[in-house]
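Notes follow the structure.
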Amino acid sequence: MLLKTVFNIINQSKEKEIGEILTSKKLSVSCSESCTGGLLSSRLTDISGSSAYINVNFVTYANEAKVKLLNVKSETIEKFGVVSEEVACEMVEGLISKYNCDIAVSTTGIAGPTGGTVNKPVGLVCIAVANKNKKVSISYKAYPKLPRRLMKYEFSDKALELLLKFLKENY
């Protein structure tokens, strides 16, 4: 696991491939992150020339930020919890409708080591990716004993994987 993580950090293959697709198709991407705290945005902007396709990125850690900046409904948070595919989906919908990006990606989860519950344990992340016509979301459970920094990296890696898959399937 650690060697894979170090290799991915050095190689940046997902980030590069995403950048190549976005550039060649003249598409923009925006991120709204909670549990990854800006790491997903950082990884995407590590690629030289990313200003050609990065639109606007937010760290919407507080529920109020999700509601105010992304139009996430308070009712959705109350009904499903902030760590849910439903909230992740509303986060990407808000990015697309309010900030006119072509593609949106969001993360919401529990990076630990505290904060987990029986139903929503440490290591759970919900990720959504969307364009104006299609939306996909996943829930992923990472190993709950990962240190917080590695947990955030694992979450951002899963978000990049979903974004790359979405781009390949739709563009």
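The values are calculated or read from the model by the stated rules, or taken from the named source; none is laboratory data. Predicted model, so just to flag it, every value in this text is computed and none were measured. Quick reminder, even Gly has a Cβ in these numbers, built from the backbone with ideal geometry, and neighbours come from all protein chains shown.
Only a single criterion out of (1) surrounded by fewer than 23 Cβ atoms within 10 Å (Cβ to Cβ); (2) in contact (Cβ under 8 Å) with a residue 24 or more places away in the chain is not satisfied by SER48, namely (2). Evaluating THR108 against the criteria (1) surrounded by fewer than 18 Cβ atoms within 10 Å (Cβ to Cβ); (2) under 16 Å from LEU39 (Cβ atoms) leaves one unmet condition, (1). Pairing residues of the range 66-82 that are without any contact (Cβ under 8 Å) to a residue 60 or more places away in the chain with residues that are part of a helix (DSSP H, G or I) and surrounded by fewer than 12 Cβ atoms within 10 Å (Cβ to Cβ), at Cβ distances under 8 Å and at least 6 apart in sequence or on separate chains, gives VAL67/SER74. Restricting the search to helices (runs of 4 or more DSSP H) fully inside the range 23-91 and requiring at least 1 residues that are over 22 Å from ASP157 (Cβ atoms) gives 63-70, 74-80.
For the range 119-153, the set of residues classified as touching a residue at least 40 places away in the same chain (Cβ under 8 Å), surrounded by fewer than 21 Cβ atoms within 10 Å (Cβ to Cβ) and among the β-branched types (Val, Ile, Thr) consists of ILE138 only.
Do we find that GLU75 is over 12 Å from the mean Cα position of the chain (by Cα) and either among the hydroxyl-bearing types (Ser, Thr, Tyr) or closer than 28 Å to SER24 by Cα (or both) in this structure? The answer is no for GLU75. Answer yes or no as to whether SER97 is within 28 Å of GLU169 (Cα to Cα), modelled with pLDDT of 95 or more and either within 15 Å of the chain's Cα centre (by Cα) or not aromatic (Phe, Trp, Tyr) (or both). When the stated conditions are applied, SER97 passes them.
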